[in-house]
Amino acid sequence: MPEEKPTPLPCLLGLKPEEVTEAVAALGEPAFRARQIVEWVFKKRAVSIEAMSSLSKNLRQALAERFVTRSMTLSQVTGSADTTRKLLLKLQDGRYVETVLIPANPALYGGRSDRLTLCVSSQVGCAYDCKFCASGLAGFTRNLTAAEIVEQVVQAEAMAADRVDNLVFMGMGEPLANFSNLTRAIEILNADWGIGIGARHMTVSTSGLAPQIRRLADFPLQIRLAISLHGASDEVRERIMPVNQKHNIAELFEALQYWRSKRKQRITLEYILIEGVNDMLEQARLLARRARAIDARVNLIPYNTVEGLPWVRPAEEQCIAFRDVLEAGGVTATLRLEKGHDISAACGQLRLKQETAEGIVESPIPARRITIGAGASA
Ligand code: SAH
């Protein structure tokens, strides 16, 4: 018989006030206790229920039997030369996720840290198997809970002793494949009673799950949307993103038109440049047409090397030429200067980790995945 693991207690960082009210009512306590608890959790950032000193000992004890205030521990911080820092967080079930803290202008660091962006993960591993990305190499393990998404911000703010002003859901995983936990986390992160980050300062990035993009367009908060496009024609995109076989570019752009009809903010199209795969200028011309059609701007990212994958970053002149075609086509395009490349914290470099006798190591990549990646480049 396999050993039964006790189910972990729910974490208060994933609860909304009405749910806390319900929980304290079940304990025979008045509603104002719930308001106090919510304040301890999100404003005072109590690290334990014991620390909620305005509550009676009895109530604290009853709460501690039912809830926790943290569901992960910070097990490693890797600093980078450009002051980007990667936090490795250990979850209650022994899995790991990474979250990346990025100062907007490292040159300002030491003075006022003007804008702090956090790149959060939404899943342990990823099921979408994009051929250039490290996050899906060892497959999909599980969705993160809403509390685990929120707690990445809480942990990062505690570590940095600073507030995060900007959130990008661009860490490990496909956020829209974890829709209900994602939207619950966004509500908590945005709420005045919660973490208090403005919706316009949150960006959800997706590999292109068209039906969920429509669903998210109906979500009331004015969050931003980024699309990992990486190919301007189905032929090119399909080769590196299997998700395109399920939702092709036409279907994706119909969903994006729907999004446009619901929001004022422009959509960002993310486009990694990979040599000989999608960096041809004819792709740039097609990309310009597509971007214009939905009034999107384009973010060009020279490919970040992933060990074990065959792809190559194009020469700088090719990246610039690609951008120039977009600009000539009337599209706002940025050639993104990557941060965190030296600590494997850059886009696409977050990789599944596991604990062994030797310490924390990268999860092994099943051989078939490497073959597919290499085959696609041939
Ligand atoms: N699954 C979501 C969220 C992850 S965002 C999505 O696909 O949008 C991570 C971003 O990094 C995506 O735009 C992804 O395509 C990009 N990326 C993946 N591998 C990369 C690499 N090796 N170099 C640069 N960007 C990469």
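Values for this structure:
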| read-out | value |
| --- | --- |
| Residues that are within 16 Å of the ligand (Cβ to nearest atom) and surrounded by fewer than 22 Cβ atoms within 10 Å (Cβ to Cβ), drawn from region 226-235 | Ala226 |
| Residue selected from region 250-282 under the condition under 16 Å from Tyr303 (Cα atoms) and in contact with a strand residue (DSSP E or B) (Cβ under 6 Å, 6 or more places away or on another chain), by the criterion farthest from the ligand (Cβ to nearest atom) | Asp279 |
| Hey, Val325 within 12 Å of the ligand (Cβ to nearest atom) and either assigned by TED's automatic domain parsing to the domain that holds Phe219 or in contact with a helix residue (DSSP H, G or I) (Cβ under 6 Å, 6 or more places away or on another chain) (or both) or not | no |
| Residue check for Asn304: assigned by TED's automatic domain parsing to the domain that holds Thr332, surrounded by 14 or more Cβ atoms within 10 Å (Cβ to Cβ), at pLDDT 95 or above and within 15 Å of the ligand (Cβ to nearest atom) | no |
| Only listed residue being among the small types (Gly, Ala, Ser), modelled with pLDDT of 95 or more and part of a loop (DSSP other than H, G, I, E, B), chosen from Ser113, Ser121 | Ser121 |
| Condition met for Leu137 (outside any loop (DSSP other than H, G, I, E, B), in contact with a Ser or Thr (Cβ under 9 Å, 6 or more places away or on another chain) and of a type outside the set (Val, Ile, Thr)) | no |
| Hey, Val77 in contact (Cβ under 8 Å) with a residue 12 or more places away in the chain, β-branched (Val, Ile, Thr) and outside any helix (DSSP H, G or I) or not | yes |
| Qualifying residue in region 287-300 (condition: under 25 Å from the mean Cα position of the chain (by Cα), within 11 Å of the ligand (Cβ to nearest atom), in the same structural domain as Ala232 (by TED's automatic domain parsing) and β-branched (Val, Ile, Thr)) | no |
| Candidate set from region 165-203 (those that are more than 16 Å from the ligand (Cβ to nearest atom), at pLDDT 95 or above and outside any helix (DSSP H, G or I)); member that is surrounded by the fewest Cβ atoms within 10 Å (Cβ to Cβ) | Asp192 |
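The values are calculated or read from the model by the stated rules, or taken from the named source; none is laboratory data. Just so we're clear, the structure is a prediction, and the values are computed from it rather than from any experiment. Cβ coordinates were reconstructed from backbone atoms using ideal geometry, including for glycine residues, and neighbour counts include every protein chain displayed.
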